[in-house]
Amino acid sequence: MDKDGRTTHYDKDSLTLSGTVMLGTGVMIGAGIFALTGQMAEMVGVLFPLAFLAAAVVVSFSAYSYVKISNAYPSAGGIGMYLHKAYGDSLPTAFNALLMYFSMVIAQSFLARTFGSYTMQLFGGDESGRTVAMLGVGLIIFAFIVNLLSNRFIQKVAGFIGVLKIGGILVFGIIGVWVADSLALDFGHTDNVETSGNFLGATALGILAFKGFTTITNSGSEVIDPKRNVGRAIVISIVACVVIYTLVGFSVASNLSLSEIIDTRDYSLAAAARPALGEYGVWFTVAIAMTATAGGILASIFAVSRMLAMLTEMKLVPHRHFGMPGSIQKHTLVYTVVLGIFLTAFFDLSRIAALGIVFYLVMDIAIHWGVIRYLADDIKAKRWVPIVAIIFDFLALIGFVWVKLNADPWVIGIALIAMLLIAVGERWFLHSNRRQRLLHEDGKHQRQH
């Protein structure tokens with residue numbers, strides 16, 4: 001740490017393989033299954049369990065690039081560092097890294113509102129949405145306080161929550177399937193599937209349920225034996241989620257009609273528990289949802305604040321202390337929480353999800369292209385895998401944008417404006433005198449040591 005105490009400190013070997021897996025699944029098994037189920041059903045009808053499986057196939061190809069890069073370059077900067085390895089000190093690196101940062105903040109806001117939506121089912125719902133937002137904001141503040149503590153404490157809390165929620169969701173899925181009259185999907189009622197674009201759009205939403213595996217990459221400097229365990233944690237997390245999502249998807253489809261799933265899209269698992277298990281089932285599901293989303297927020301803030309701290313230290317994004325004490329890592333934690341609170345307070349679940357998936361897919365394509373164009377030989381990657389991943393990402397993105405342009409064009413406009421502002425702002429910063437001064441000071445500091 002430098003003399004003013006502003007640099008970021010990483011606790012080497014503070015995260016075990018199991019702890020890293022719990023951090024990854026902590027983000028993945030949260031809003032992904034609890035809120036996206038209904039939104040996907042609204043888009044693609046009774047085929048939504050198959051859209052989850054399609055998303056798993058896409059993510060399986062996508063994960064290849066992250067595993068290969070993480071094995072070669074484990075870093076707390078995660079995706080920011082991966083982009084830097086591919087594109088260097090450039091606008092593509094900064095632009096795509098910030099897209100990933102914002103998609104992760106959006107994910108935590110999605111988790112927060114899901115927490116509020118399920119909690120309110122214990123009190124008859126919240127038509128205005130104000131209490132949902134307040135509960136979500138309160139959860140983010142709680143996660144912020146926990147994240148001020150040590151890595152090992154965060155790992156213990158995330159691990160405990162992870163065991164509870166995975167066990168609880170498995171119980172829900174198994175019992176839901178057991179008591180259902182039939183597991184067959186009613187393919188005769190696919191009125192919502194107007195075009196193949198709807199299925200691709202639902203697949204894109206499903207990808208959002210899996211993208212939490214990328215948070216594992218941001219813990220590279222803190223994982224025990226990172227060159228081995230980061231990649232293993234990614235694979236284990238994805239496989240676990242495929243099993244759980246498939247089981248729960250069929251459970252919901254077997255206990256609710258399509259119209260009921262759509263009407264209760266923000267809390268469909270709780271609604272599905274009522275015919276299967278009665279009111280006790282609803283309480284049990286709400287408790288698991290609250291636990292899962294709380295764990296997801298905890299893991300998301302942990303990972304995303306470290307990513308932004310690394311981008312700051314790489315001089316790829318501007319940074320101001322605003323008079324705050326402590327390290328850059330603590331400052332980025334504050335910025336992340338403030339932005340998450342804003343999104344949670346003013347955006348609903350469907351629009352938060354839409355912004356997140358557009359940002360993520362654009363960044364994901366950039367990662368794969370970087371592997372194909374610049375890194376394949378160094379990391380010993382087979383180029384055909386990221387090529388397939390790009391094709392799948394592009395199809396999902398086009399399908400999702402097409403559906404949203406017809407249903408909610410405003411949110412696509414917001415996404416495009418946001419990306420334009422990020423690109424313009426980063427281009428200005430990268431060529432600014434302030435950044436050149438920071439680079440000069442950093443080089444001078446390194447020479448002195």
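Observations
- Segment 92-135, Cα convex hull volume normalised per residue, Å³: 58
- For segment 39-117, the equivalent ellipsoid built from the Cα gyration tensor has semi-axes of 29, 18, 11 Å, listed from largest to smallest.
- Segment 233-368, relative contact order in percent, only Cα pairs under 8 angstrom and at least six apart counted: 13
- Here the label points at TRP283 and PHE346, each 7 Å from Cα along the C-beta direction, are separated by 3.9 nm in the simple model.
- Within the shell of other residues whose beta carbon sits under 13 angstrom from the beta carbon of LEU111, the net charge comes to +2, with Lys and Arg scored +1 and Asp and Glu -1.
- Förster radius 60 Å - calculated FRET efficiency between LEU416 and LEU17 (Cβ-Cβ, nearest 0.05): 0.90
- Point-to-point label distance, PHE123-ALA423, nm (Cα→Cβ direction, 7 Å offset): 4.4
- The residue list TYR101, MET120, MET40 was ranked by how far each Cα lies along the charge dipole of segment 20-130 toward its positive end, using unit charges on Cβ atoms, and TYR101 comes out on top.
- Pairs of alpha carbons in segment 237-287 whose separation is greater than 14 Å (percent): 54
- A crude spin-label estimate for the pair TYR374 and TRP178, with each label 7 Å from Cα along the Cβ direction, gives 5.3 nm.
- Stokes-Einstein D (µm²/s) once Rh is taken as the Kirkwood radius of segment 16-71 over alpha-carbon pairs, at 25 °C in 0.890 mPa s: 189
- Along its three principal directions, the equivalent ellipsoid of segment 264-309 from the Cα gyration tensor extends over semi-axes of 31, 10, 5 Å, largest first.
- Unsatisfied cross-links (Cα-Cα over 30 Å) in the set LYS315/LYS382; LYS211/LYS315; LYS227/LYS330; LYS380/LYS404: LYS315/LYS382; LYS380/LYS404
- Whole-number D in µm²/s for segment 205-338 (Stokes-Einstein; Kirkwood sum over Cα pairs; 10 °C, 1.306 mPa s): 90
- Formal net charge of residues neighbouring THR25 (Cβ-Cβ distance under 13 Å; K, R +1; D, E -1): +2
- Table column - 3J(HN,Hα) (Hz), segment 132-141, Karplus curve with 6.51, -1.76, 1.60, x for Gly and Pro: 4, 5, 5, 5, x, 4, x, 5, 4, 5
- Converting the Cα gyration tensor eigenvalues of segment 326-383 into ellipsoid dimensions via √(5λ) gives semi-axes, longest first, of 32, 20, 6 Å.
- Candidates THR336, ILE372, GLY249 compared by Cα position along the dipole of segment 246-388: farthest toward the positive end lies ILE372, with charges placed on Cβ.
- For segment 204-279, the Kirkwood estimate of hydrodynamic radius, built from reciprocal distances between every pair of different alpha carbons, is 14.6 Å.
- Solvent-free Debye scattering, log10 I(q)/I(0), computed from the Cα coordinates of segment 283-368 at q = 0.21 Å⁻¹: -1.21
- Per-selection Rg to Rh, segment 304-424 - Cα, Kirkwood hydrodynamic radius: 1.03
- Shown in residue order for segment 36-51 are the 3J(HN,Hα) couplings computed by the Karplus curve 6.51 cos²θ - 1.76 cosθ + 1.60 at θ = phi - 60°: 6, 3, x, 5, 5, 5, 4, 8, 10, x, 5, 7, 4, x, 6, 5 Hz (x for Gly and Pro).
Bear in mind that the values in this text are calculations on the coordinates, not laboratory data. As the structure is a prediction and not an experimental result, all values here were calculated from the model. All Cβ positions, glycine included, derive from the backbone under ideal geometry; neighbour counts span all protein chains shown.
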